[in-house]
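Accompanying notes for the structure given below.
The values are calculated or read from the model by the stated rules, or taken from the named source; none is laboratory data. Fair warning: this is a prediction, and the values are worked out from it, not measured in the lab. Glycine gets a Cβ as well: all are built from the backbone with ideal geometry, and neighbour counts include every protein chain shown. Please note that ligands, DNA and RNA were not included when accessible areas were found on the heavy atoms of the full protein model with its side chains. Shrake-Rupley method; radii C 1.70, N 1.55, O 1.52, S 1.80 Å.
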Amino acid sequence: MNTQFLGLGVAMVTPFDANGAVDVEALKNLTEYLISGGVDYLVVQGTTGESVTLTKDEKALVLRTVVEVNNGRKPVVLGHGGNNTQAFIDGFDEVDWSGVDAILSASPSYNKPTQAGIIAHYKTLSAATPKPIILYNVPGRTASNMLPETTAELAKEKNIIGIKEAAGDLEQVGAVLRDTPEDFLVISGDDPLAMPHIAMGGHGVISVIGNALPDLFSSMVHHTLDGELEMAREEHLSVLK
């Protein structure tokens, strides 16, 4: 198992200034805040990073800033995806991969691929990518659900190391945990379900609320991973208030 992605990953927001430009100083401060708050890894340009609306130059600036401030202290995951498979792969050459440890790639959106189409997309990506891949199933945004049997098929690819599962369905989480190898990471993509997801055998969460409460959320995640469920439950409920 790729243990560097166990625990709390935070899908970092991208701060902007009053003129609509990336606020680099605020981004530097956020990076330090998360690292000092105890996060296990940083996720750059996920949904909350507004990746779908950033320009190519803005994406490069955000990634470069986080990587430079992080300076190797925490693993970095880059959100990188799209529904045009070939264009997505062609874009690999435009990314500076130094300081990036893995790719978080959402299932193709808008065109609503079949399960066979999802498998074909990710297998094509797997053959071309320079980094390990974490799948991302978020039906509320992609308009299609990656079924457990699809995840299990993709888990056979040696450089597909896990999934951020955000279907909001614990029954589906259980099926994915049951049907994938022990070393395949099953990561929650839903903050309110993070504790029960991990208690079922999941491996952590890629969180939004962690931007604001990294220390508390990290404590809850690790108490759950360690089986200290009474403490984890108290922290979980306090976050929900």
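A few notes on this one:
- Backbone N within region 157-183 under 16 Å of label point (7 Å from Phe92 Cα along the Cβ vector): 157-161
- Apportionment of accessible area to carbon and sulfur, the chain, percent (1.4 Å): 51
- Region 180-235, accessible area per residue, ligands and nucleic acids excluded (1.4 Å, Å²): 41
- Three-way shape label, region 141-183, alpha-carbon gyration tensor, a/c 1.5: oblate
- Chymotrypsin sites (Phe, Trp or Tyr not before Pro) restricted to region 25-114 and DSSP loop, no more than 12 other C-beta within 10 Å: Tyr110
- Cβ-Cβ FRET estimate between Ala26 and Leu147, R0 fixed at 35 Å, reported to 0.05: 0.35
- FRET efficiency for Asp179 and Thr114, using Cβ-Cβ distance with R0 set to 22 Å, rounded to 0.05: 0.70
- Placing +1 on the Cβ of every Lys and Arg and -1 on the Cβ of every Asp and Glu, with nothing else charged, gives the chain a dipole about its Cα centre of roughly 440 debye.
- Phi-derived couplings, Karplus 6.51 cos²θ - 1.76 cosθ + 1.60 at θ = phi - 60°, listed residue by residue for region 227-239: x, 8, 6, 5, 5, 4, 5, 4, 5, 4, 5, 5, 5 Hz, with x used for Gly and Pro.
- Point-to-point label distance, Ala127-Arg233, nm (Cα→Cβ direction, 7 Å offset): 5.0
- Overall form of the chain per C-alpha gyration tensor (a/c, 1.5; a/b vs b/c): oblate
- The chain: Lys pairs at Cα distance under 14 angstrom, eight or more positions apart or on different chains: 4
- Within region 126-182, trypsin sites (Lys or Arg not before Pro) in DSSP loop having at most 12 other beta-carbon neighbours inside 10 Å: Lys156, Lys158
- Note that region 127-178 presents 42 Å² accessible area per residue, ligands and nucleic acids not counted, probe 1.4 Å.
- Percent antiparallel among DSSP beta bridges (both partners in the chain, rounded to 5): 5
- Amide H contacts of Tyr136: Ser105, Ser107, Lys164, each under 5 Å away and 5 or more positions distant or on a separate chain (H built 1.01 Å from N in the peptide plane; Pro and chain starts excluded).
- Counted over region 111-241, the DSSP beta bridges are approximately 0% antiparallel.
- The loop-placed GluC sites (Glu not before Pro) in region 153-209, going by DSSP, that have at most 12 neighbouring Cβ atoms within 10 Å of their Cβ come out as Glu182.
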